[in-house]
Amino acid sequence: MSLESIEMELREKIGDLSVSEMDDIPFEDYKEFLDLHKSNQIKIGVQYDGDLVNYFGSKCEVIMHFILVWAPLFISIALIVMAILSSNYIIILGIVLALLGFILSSPFLMKGIGYSIEFLGFIAFIYFCFKNFTAATIIGSYVFSNFFINVAREQCRMIVHETILKSELVFVWLFMRGIINIQ
């Protein structure tokens, strides 16, 4: 969907609101927001919402986001197939770690120890690739599930960030919904 059609749809829903009309937005107008952003005086936070990728992203971005978000499931299916084909059923433990990687991808958990766990998991994955393929497969299920979900979150942030810099109406709408915050 093009930005123009999104703006037309938003105008039908909420009217033609601008930054200057909103009391909650801490800027005089949209130009001030753009100037402060350009000079790196503000930071824009984006709350993850996968539907925003579908709404604002290109077809390629939507497909990529779909693959990234469903990667833990694809990894789990691949682990089941590998376990059956190799008759090494310990590989199924990787499903639990893939789920754990998905859960621990939450920004609240990743800020503290999450990145350390991800880094150590990646080092262990590389080490075990040369020593024990089964262990590498199990550890890799955590590492890659976590990584792909984090990439999906970052993709959403980038798409929303790029869109609000192009459209005042989208900026106001997302700010009103609490999807973006300004620091």
Tally of residues being hydrophobic (A, V, I, L, M, F, W, C) and surrounded by fewer than 16 Cβ atoms within 10 Å (Cβ to Cβ) across the stretch 35-50: 2
Working carefully through the options 62, 69, 53, find the one that is aliphatic (A, V, I, L, M) and surrounded by fewer than 19 Cβ atoms within 10 Å (Cβ to Cβ). 62
Just give me the residues in the stretch 1-33 being part of a helix (DSSP H, G or I) and crowded, with 16+ Cβ neighbours inside 10 Å, in sequence order. 6, 7, 10, 19, 30, 33
Kindly check whether there is at least one residue in the stretch 56-74 that is part of a helix (DSSP H, G or I), polar (S, T, N, Q) and modelled with pLDDT under 95. no
Inside the stretch 1-55, the number of residues satisfying the requirement of being of a type in the set (A, V, I, L, M) and more than 26 Å from the chain's Cα centre (by Cα) is 5
Restricting the first residue to the stretch 49-67 and requiring it to be under 8 Å from residue 156 (Cα atoms) and among the aromatic types (Phe, Trp, Tyr), which pairs with a second residue that is assigned to a helix (DSSP H, G or I) and at pLDDT 95 or above meet a Cβ separation below 9 Å and a spacing of at least six or different chains? none
Kindly state which helices (runs of 4 or more DSSP H) lie completely within the stretch 89-165 and contain at least 3 residues that are under 23 Å from residue 179 (Cβ atoms) and at pLDDT below 90. none
Scan the stretch 13-25 and report the pairs whose first residue is free of Cβ contacts under 8 Å to residues at least 40 places away in the same chain and whose second residue is assigned to a helix (DSSP H, G or I), with Cβ atoms within less than 8 Å and a gap of 6+ or a chain change. 20/30
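The values are calculated or read from the model by the stated rules, or taken from the named source; none is laboratory data. All values derive from a computational prediction rather than experimental measurement. So basically every Cβ, Gly included, is an ideal-geometry build from the backbone, and we count neighbours across all protein chains shown.
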